[in-house]
1. Between F91 and K78, 0.36 nm times their residue separation minus their Cα-Cα distance comes to what?
2. Stretch F297-I23 to full length: gain in nm at 0.36 nm per residue minus the Cα-Cα span?
3. Estimate the FRET efficiency between W306 and D133 by the formula 1/(1 + (r/R0)^6), using the beta-carbon distance for r and 25 Å for R0, to the nearest 0.05.
4. Along its principal axes, what span do the Cα atoms of the chain show, with the longest given first and each in whole Å?
5. Mind sorting M167, M68, M1 by how few other Cβ atoms lie within 10 Å of their own Cβ, fewest first?
6. Quick one: if you stick a label point 7 Å off each Cα along the C-beta vector at D14 and L163, how many nm between them?
7. Add -39500 (n - 2.57) for each DSSP H run of 4 or more in the chain, then divide by its residues: what number comes out at 222 nm, to the nearest 500 deg cm²/dmol?
8. Loop-only check: which trypsin sites (Lys or Arg not before Pro) in segment 238-318 are DSSP coil with at most 11 other Cβ within 10 angstrom?
Amino acid sequence: MTVVVPLSEVHVTDIVRLWNEEIGDRFPMSISLWNQNTTNEPNVLQEGSLAVVEGGKLRGIIIGKRYMEELDVRMPEKVGWIQCMLVEKSFRNEGIGSELLKKGEQALINAGVDEIRLGRDPWHYFPGIPLEDKSTISWFEKQGYITGGVETDLIKDVSGRGLYRLMNPSEHYRLLTKKDIPLLLQFLERVFPGRWHYEALHYEMIGGTGREFMGFFVDSELKGFCRLNDPQSPLIAQNVYWSALCDGEMGGIGPLGIDREIRGNHFGIDLVKAAANELIGRGMTDIVIDWTQLVSFYEKLGFKPWKQYQSMTKIVEV
């Protein structure tokens, strides 16, 4: 007998097993990552997060999300997300996916959402559908989702490589300290309000020390930032989600941003170089830059496309 139950009734080990059986060769899931991004994530909409169980075995899942935290960070309140949806291959083409999606979408609509995005949620796994999954993209198009841009993850093997040479004086760039975090938050709220500010606030809330941010300074004033992550970071950051695919140590770079008033002069590319140099100094063998359309910008530094995703959105008809 096939039944739909709340996702909260399913054990995390069963969810991770299903994930890894279906897509673990490309996106290896761990219990710690799942708990961070889903189990303990306050924006998961419980009514829209469901599981299909047949014969006592998990066969499919869907996770719906909308912004429900009280942090004032200009996150969209009318946007909902399908964080992920997965159905066991042997149970596809039997209407299970359609039923899950319909129930998940209705829960989001009932919660006041007028736009649904596939991925791109706070604490996301993907910024869209993996580009190689053409049949999945086509299936969602039939469900009323519209394709947008293609997002890319890039990677570079930096083992045995020398450091990058900056074009601007190196004193412009340094790791932030705990004392710098308020400056970072003020900068992000002013120049990059929304998701990046939200993520930095959470970093402060868990006691981040600043070692995950390279700062760009002009006359001692913070004018830009670059996030960098490694295995010792306090969170499993998006650009190191799939580090199990790497034989060595994977580090991550991004997001990054420069104050609009002073863009140019190679400040941005130097900021990436400074962050990469720091990760190389920490012993990273591979560096990943995730969720970007600036492929040619990063290719200048030797990064190569690694994974790509098709963004998709559905506007809810009232």
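Read-outs: derived from the displayed coordinates by stated rules, not from any lab. Quick caveat, the model's predicted, so the values are computed rather than measured. All Cβ positions, glycine included, derive from the backbone under ideal geometry; neighbour counts span all protein chains shown.
1. Details: separation 13, 0.36 × 13 = 4.68 nm, distance 3.27 nm.
Stretched out fully, the F91 to K78 stretch lengthens by 1.4 nm.
2. Answer, rounded to one decimal: 95.7 nm.
3. Details: r = 16 Å, r/R0 = 0.63.
Efficiency, from the Cβ-Cβ distance: 0.95.
4. 66, 41, 33
5. On the way: M167 11, M68 14, M1 6.
Ordered from fewest to most neighbouring Cβ atoms within 10 Å, M167, M68, M1 come out as M1, M167, M68.
6. Once both label points are built, they end up 5.2 nm from each other.
7. Details: 8 runs with 82 residues, N = 318.
Calculated mean residue ellipticity at 222 nm is -7500 deg cm²/dmol.
8. Filter output for segment 238-318: K300.
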